[in-house]
Amino acid sequence: MSTAAIQSKSFYEEKKGLKSWIFSTDHKRIGLLYFYSLGSFFLVGVILGLLMRLELISPGETIMKAKTYNQVFTLHGVIMIFLFLIPSVPAVFGNIFLPIMIGTDDVAFPKINLLSWWLYVLGGLFALSTLVVGDGPADTGWTFYAPYSVKTGTNVSLAVFAAFILGFSSILTGLNFIVTIHRLRHPKMGWFKMPLFPWALYATAWIQVLATPIIGITLLMIIAERVFGLGLFDPSLGGDPILYQHLFWIYSHPAVYIMVLPAMGLISEMIPTFAKRPIFGYKAIAYSSMAIAFIGYFVWGHHMFTSGMSGPARVIFSILTFLVAVPSAIKTFNWVATLYKGSILIKTPLLFSMAFIFQFLIGGLTGLVIGALATDVHLHDTYFVVGHFHYVMFGGTGFAMFGAMHYWYGKIWGKMYNEKMAQISFGFIFVGFNFLYFPMLILGLMGMPRRYYDYLPEFTTLNVISTVGSWVMVLGIIMMLTNLIRSKKRGEKAPKDPWGGTTLEWQTSSPPSLHNFDTEPIVPEEGPYFHKV
Amino acid sequence: MANFVMVNSGHNRDDEADKLGMWLFLFTELLLFGGLFLVYTIYRYLNADAFLHASYELNVIMGTVNTIVLLTSSLTVAMSITAIQKGDTKMALTLIWSTIAFAGVFLVIKYFEWTAKFEHGLFPGMEHYNMLEPGEKLFFFLYFFMTGFHGLHVIIGGIILLFVIAAIRKGETNQGKFIFLENGALYWHLVDLIWIFLFPLFYLIH
């Protein structure tokens, strides 16, 4: 191949100007739009988290009042869940890489893809507008539990409406991905020749489509209650607040899998590449994604063990909760087995993947502790729960995203990042993270309740450790981002396949052209992860 | 430029994909109403007598007429697909227009029905409503919320059909390519289907 002659323009160079971005229907550009908007919201969420940790550095009022603290943790939750974690991996990496990995040039409905980003922005603006209008942001917690959410004077209606719009955006992304995977795979790519990241996106997309409408209608009911002063979920007016909790968690527990499943898909891509081995148990991982999506529907009741449910119902939800751990464990064992006897290349993406496995393990096992009925009664609404879900969500999804940012850095931006700096920042993030969240598990066991701006003096030491951990971690994040931004200018030019990856995105140029492939992609007959040893 | 033909391009015409996407969307619509049906079921179970008592307030005749109107509109929109398949564009347009006309009739009847309820002070927040017992309040709240939300879908469905008419006029939707009409009709059938469930739940169970 004579290189320079047929080297086509990258998707950046095809068109220029702001309009060519915000109205682009190219999946890579939409993915990047998502990346920058999600990244901004993530940083806002991080700052709010920092402020909360600062408030908790000592007992009593430190930097904010109780109500402010309630509003800060609500906004932190709403931003991190609805604006960052739920769209995160599918909207950014799914958009950029799903079509490339299945060997096509775009998603099935490019215009609907653009619409979903616009809806996301609109929802984000609604969420932020709660800061400046009326009585300030909601103080209900991100769960908007009724009847308090119906009665508080803060801006719940706007925040809830923001979540409704974001749900719409999420449904459209899911719908788009399902159709894309069904209709646009490369003719030679059967279902079981598909890489595991598309598999994870496929399972996630079904949850997005099937679970999100329930929260949509529930949130509309909350708004109607507030507008008309009704008692749909208010016991004094004949309603049932437990019904709200059911409706809320019917969506919001599957939503946890919307957040973590695609991240698991990222890990399934990175581990075989850096172990230079075919992934162990390909089919088991693919099926376990679908199993998690399926079982994940039937476990919502475990959020309500202490809020009033019949004995048999609690036992059943507890058993189902234990069941959903099985497919997650299958994946974890398979990743570890892939590394066994591999020719391991220690690079930043692998480090993040290993940290993912370690932290997801802690997050998963602590999940079993609160999934068990007896221990949950003790641990419910304590810092143990806060520690648990941050280990899964941040230690899991967040770390997988950081890893993927490095893994695909060259492919997306066309330059290589500085490996040494990346590894040092990884060290800070990893150490800071564990100092930040591990004390929370112990605090929870000691009985410190969540959602208070104040605590008893005996919890001070661990809270100080946790707050210092948050500084170390944020320092690491700043270093990581600085490194990535600097590398865009100063980095070496990225080759087609810097890691020796075997999936289709490594067959095209870095960054890819507008149509993704300049020559016909070759789908390996041996499956997606065949490494010639 | 790509120097090969991508057979699986996302920019190719793919009616199957469009239809699959539409069915998935209809799925989400059903689940959206599913949440409301769930709430209705639970509160009906908890307040059976109050729901029964309140349901006598509704006008069965108006409800029945509206059911017939919507069923007929589904028939006309289904016939319009056959018409366009046979190449009879004029007939297809007439049939879609009559579907929209039926939608209008449905909304007008709904308007009179709701106005009667307003006159009785049964809308949430009104005087009579505030004196009702909790179960009856829930009934009327759900009645207004669910039929109102359904009415909104009737309006959306009608607007979609107007876009279909525009597409047929421009020739973008024609004998060889009528997926837009099919999808619009699918949406219309969904609107109809939801009403088929709302009608007995509110008007008929005695």
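Side notes on the structure shown:
- Residue tally, condition within 14 Å of chain B (Cβ to nearest Cβ), over 14 Å from A:Gly410 (Cα atoms) and touching a Pro at 6+ places or on another chain (Cβ under 8 Å), over segment A:475-519: 2
- If you go through segment B:53-67 and pick out every residue that is farther than 17 Å from B:Phe197 by Cα and surrounded by 14 or more Cβ atoms within 10 Å (Cβ to Cβ), you end up with 3.
- Selection of helices (runs of 4 or more DSSP H) fully inside segment A:370-414 by the criterion of at least 2 residues being modelled with pLDDT of 95 or more, touching a Pro at 6+ places or on another chain (Cβ under 9 Å) and closer than 25 Å to A:Phe82 by Cβ returns A:383-392, A:399-407.
- On inspection, B:Leu193 passes the criterion of being away from chain A (no Cβ under 14 Å), surrounded by fewer than 18 Cβ atoms within 10 Å (Cβ to Cβ) and on the phi < 0 side of the Ramachandran plot.
- From B:Ile194, B:Ile168, B:Ile84, B:Ile109, residue being within 22 Å of B:Phe25 (Cα to Cα) and in a helix (DSSP H, G or I): B:Ile194
- Positions within segment A:484-530 being within 26 Å of the chain's Cα centre (by Cα), outside any loop (DSSP other than H, G, I, E, B) and under 18 Å from A:Leu32 (Cα atoms), in sequence order: A:Leu484, A:Ile485, A:Arg486, A:Ser487, A:Lys488, A:Glu505
- The set of residues in segment B:115-139 that are more than 12 Å from chain A (Cβ to nearest Cβ) and touching a Phe, Trp or Tyr at 6+ places or on another chain (Cβ under 8 Å) comprises B:Lys117, B:Gly121, B:Leu122.
- The selection criterion, being assigned to a helix (DSSP H, G or I) and within 14 Å of A:Leu436 (Cα to Cα), does not hold for A:Gly367.
- Selection of segment A:46-81 for residues being outside any loop (DSSP other than H, G, I, E, B) and in contact with a Phe, Trp or Tyr (Cβ under 7 Å, 6 or more places away or on another chain) yields A:Met52, A:Glu55, A:Ala66, A:Tyr69, A:Thr74, A:Gly77, A:Val78, A:Ile79, A:Ile81.
- Scanning segment B:1-15 for residues that are charged (D, E, K, R) and surrounded by 13 or more Cβ atoms within 10 Å (Cβ to Cβ), we see that the one that is farthest from the other protein chains (Cβ to nearest Cβ) is B:Asp15.
- Any hit, segment A:116-131, residues being outside any helix (DSSP H, G or I), closer than 24 Å to A:Gly49 by Cβ and more than 10 Å from every other protein chain (Cβ to nearest Cβ): yes
- The residues in segment A:84-115 that are within 14 Å of chain B (Cβ to nearest Cβ) and in a loop (DSSP other than H, G, I, E, B) can be counted, and the count is 8.
- Evaluated against (1) surrounded by fewer than 18 Cβ atoms within 10 Å (Cβ to Cβ); (2) at pLDDT below 95, A:Ile442 falls short on exactly one condition, (2).
- Test for A:Leu18: is it among the hydrophobic types (A, V, I, L, M, F, W, C) and either in contact with a strand residue (DSSP E or B) (Cβ under 6 Å, 6 or more places away or on another chain) or at pLDDT 95 or above (or both): no
So that you can scan it fast, the table gives a plain yes or no per residue for (1) aliphatic (A, V, I, L, M); (2) buried (at least 24 other Cβ atoms within 10 Å of the Cβ); (3) within 9 Å of chain B (Cβ to nearest Cβ); (4) touching a residue at least 40 places away in the same chain (Cβ under 8 Å):
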site	(1), (2), (3), (4)
A:Phe177	no, yes, no, yes
A:His186	no, no, yes, yes
A:Phe192	no, no, no, yes
A:Phe197	no, yes, no, yes
A:Phe233	no, yes, no, yes
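- Segment A:130-143, residues that are at pLDDT 85 or above and either under 16 Å from A:Ile242 (Cβ atoms) or crowded, with 16+ Cβ neighbours inside 10 Å (or both): A:Thr130, A:Pro137, A:Ala138, A:Asp139, A:Thr140, A:Gly141, A:Trp142, A:Thr143
- With respect to the conditions (1) touching a Pro at 6+ places or on another chain (Cβ under 9 Å); (2) in a helix (DSSP H, G or I); (3) within 8 Å of another protein chain (Cβ to nearest Cβ); (4) touching a residue at least 24 places away in the same chain (Cβ under 8 Å), A:Gly239 falls short on a single one, namely (2).
- Condition met for B:Tyr43 (over 30 Å from A:Gly174 (Cβ atoms) and out of contact with any helix residue (DSSP H, G or I) (no Cβ under 9 Å at 6 or more places or on another chain)): no
- A:Ile223 surrounded by fewer than 21 Cβ atoms within 10 Å (Cβ to Cβ) and either more than 9 Å from chain B (Cβ to nearest Cβ) or not acidic (Asp, Glu) (or both): yes
Table: residues versus (1) within 14 Å of chain A (Cβ to nearest Cβ); (2) farther than 30 Å from B:Ala48 by Cα; (3) surrounded by 19 or more Cβ atoms within 10 Å (Cβ to Cβ); (4) touching a residue at least 40 places away in the same chain (Cβ under 8 Å).
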{"position": "B:Phe141", "(1), (2), (3), (4)": "yes, no, yes, no"}
{"position": "B:Phe149", "(1), (2), (3), (4)": "yes, no, no, yes"}
{"position": "B:Ile159", "(1), (2), (3), (4)": "no, yes, no, no"}
{"position": "B:Val164", "(1), (2), (3), (4)": "no, yes, yes, yes"}
{"position": "B:Gln175", "(1), (2), (3), (4)": "no, yes, no, yes"}
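Okay, residues lined up against (1) in contact with a Leu (Cβ under 9 Å, 6 or more places away or on another chain); (2) more than 14 Å from every other protein chain (Cβ to nearest Cβ); (3) surrounded by fewer than 16 Cβ atoms within 10 Å (Cβ to Cβ):
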| position | (1), (2), (3) |
| --- | --- |
| A:Lys9 | yes, no, yes |
| A:Ser24 | yes, no, no |
| A:Phe35 | no, yes, no |
| A:Phe42 | yes, yes, no |
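- Between B:Leu70, B:Leu20, B:Leu95, B:Leu24, the distinction of being part of a helix (DSSP H, G or I), crowded, with 19+ Cβ neighbours inside 10 Å and within 11 Å of chain A (Cβ to nearest Cβ) belongs to B:Leu24 only.
- The set of residues in segment B:27-47 being surrounded by fewer than 16 Cβ atoms within 10 Å (Cβ to Cβ) and touching a residue at least 12 places away in the same chain (Cβ under 8 Å) consists of B:Leu30 alone.
- Some residue of segment A:33-41 being assigned to a loop (DSSP other than H, G, I, E, B) and at pLDDT 95 or above: no
- Selected residue [at pLDDT below 95, touching a Gly at 6+ places or on another chain (Cβ under 8 Å), buried (at least 18 other Cβ atoms within 10 Å of the Cβ) and within 14 Å of chain B (Cβ to nearest Cβ)] from A:Ala146, A:Ala205, A:Ala162: A:Ala146
- Members of segment A:149-193 that are among the hydroxyl-bearing types (Ser, Thr, Tyr) and under 16 Å from A:Tyr251 (Cα atoms): A:Ser169, A:Ser170
- Odd one out for A:Leu75 among (1) within 24 Å of A:Pro254 (Cα to Cα); (2) modelled with pLDDT of 95 or more: (2)
The values are calculated or read from the model by the stated rules, or taken from the named source; none is laboratory data. Predicted model only: the values in this text are computed from it and were never measured. Methodologically, a virtual Cβ is constructed for each residue, glycine included, from the backbone with ideal geometry; neighbour enumeration extends over all protein chains shown.
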